[in-house]
Amino acid sequence: MTDYLVKALAYGGFVRAYAVDATETVAEMQRRHDTWNTASAALGRTMIGALMLGATLKGDDKLTVKINGNGPAGGIIVDSNGKGDVKGYIKNPHLSLPLNEVGKIDVRGAVGNEGMFTVIKDLGLKEPFSGQTPIVSGEIGEDFTYYLAVSEQTPSAVGVSVLVDTDDSIKTAGGFMIQIMPGANDEVIDQIEEQLKETARISSLLDQGQTPEEILQGLLGTNDIEFLEKMPVRFKCDCSKEKFGAAIISLGPDEIQAMIDEDHGAEAVCAFCNNKYEYSEADLMELKREAMGEK
Ligand SMILES: [Zn+2]
């Protein structure tokens, strides 16, 4: 089953809801970055949140979520877009902390409880939109919720979770985002809040075989849901040998000559997907010619 996200409306359009099964997406991240369980949960949760924020954008629009906390995970950077593509990395992928006091992966311990949560949106305008809020939890779901409330003035509930197996592989990963539109009455909000308290983690519901549609029905406490769209999601990086080549060209001819003389080649590694690109001496000579404006 491939990963997908559903978008829906409920309560007469006063509630907008999203749910995503990102199991294979987070699993591919885990394999590419060889993340250990705490890092997998921290980066995976951020990817799930970014996918749902991305689902509010139009197709070609993009966003970046940066979490810079004071914990041992170091920085987390995730890119997503309106088409369901996501990629990301964490400064310290080899992080495995003891479980927290409730027996769960200690994401707060990894991220830290102080620092900044930043979202940058490229909406195809001259200037990107940038919003920033302090880290309020470090568990990530609450940080997305706080960001949406404060920076985007959208009262929301965001849940993101990753279930990691004992061998560090990803068992399930997914999340939900529920947004209350202006004019919604208090009863609706109360009902959803009650429902959220009683709902298990999304990764557990996915593990029980629930679909994103069923999860939303449970979360919203109603069958009166209008499903608007079902969008496939995936781990996808847009790097290429040409893109890194352009970066090498920008170093200038002297620097490229030094790479030829000293290393007889070069290797570039993409931070987002860990793909490696090799440049032979002949490749570098070609790039040097381009850097000198000969092409
Ligand atoms: Zn890449």
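Read-outs: derived from the displayed coordinates by stated rules, not from any lab. Values in this document were obtained by computation on a predicted structure and should not be read as measured data. Here the Cβ positions follow ideal geometry from the backbone for every residue, glycine too, while neighbour counts run over all protein chains shown.
Overview of results
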quantity: Computed Rg/Rh of the chain, alpha carbon atoms with Kirkwood Rh; calculated: 1.04
quantity: Unsatisfied cross-links (Cα-Cα over 32 Å) in the set Lys58/Lys241; Lys58/Lys243; Lys66/Lys288; Lys197/Lys236; calculated: Lys66/Lys288; Lys197/Lys236
quantity: Part-to-part distance (alpha-carbon centres) for the stretch 67-96 and the stretch 231-267, which is given in Å; calculated: 22 Å
quantity: Contour minus Cα-Cα distance for Met181 and Ser169 (0.36 nm per residue); calculated: 0.5 nm
quantity: Potential extension, Glu229-Asp261 segment - 0.36 nm per residue separation minus Cα distance; calculated: 6.0 nm
quantity: Most mobile listed residue (Pro212, Pro98, Pro155) in the chain, GNM with C-alpha springs under 10 Å; calculated: Pro98
quantity: Cα centroid separation - the stretch 195-219 against the stretch 1-20, whole Å; calculated: 13 Å
quantity: Most mobile listed residue (Gly103, Gly174, Gly245) in the chain, GNM with C-alpha springs under 10 Å; calculated: Gly103
quantity: Choice from Asn37, Asn275, Asn185 with maximal GNM fluctuation in the chain (Cα, 10 Å cutoff); calculated: Asn185
quantity: R0 of 30 Å, Cβ-Cβ distance His94-Thr211: FRET efficiency to nearest 0.05; calculated: 0.35
quantity: Cβ-based exposure ranking for Tyr18, Tyr277, in which fewest neighbours within 10 Å come first; calculated: Tyr277, Tyr18
quantity: Label-point separation, Ala271 to Lys58 (7 Å along Cα→Cβ), nm; calculated: 3.0 nm
quantity: Simple label model, 7 Å out from Cα along Cβ direction - Ser130 to Thr222, nm; calculated: 3.9 nm
quantity: Sequence of Val15, Val164 once ranked by neighbouring C-beta atoms within 10 Å, starting from the fewest; calculated: Val15, Val164
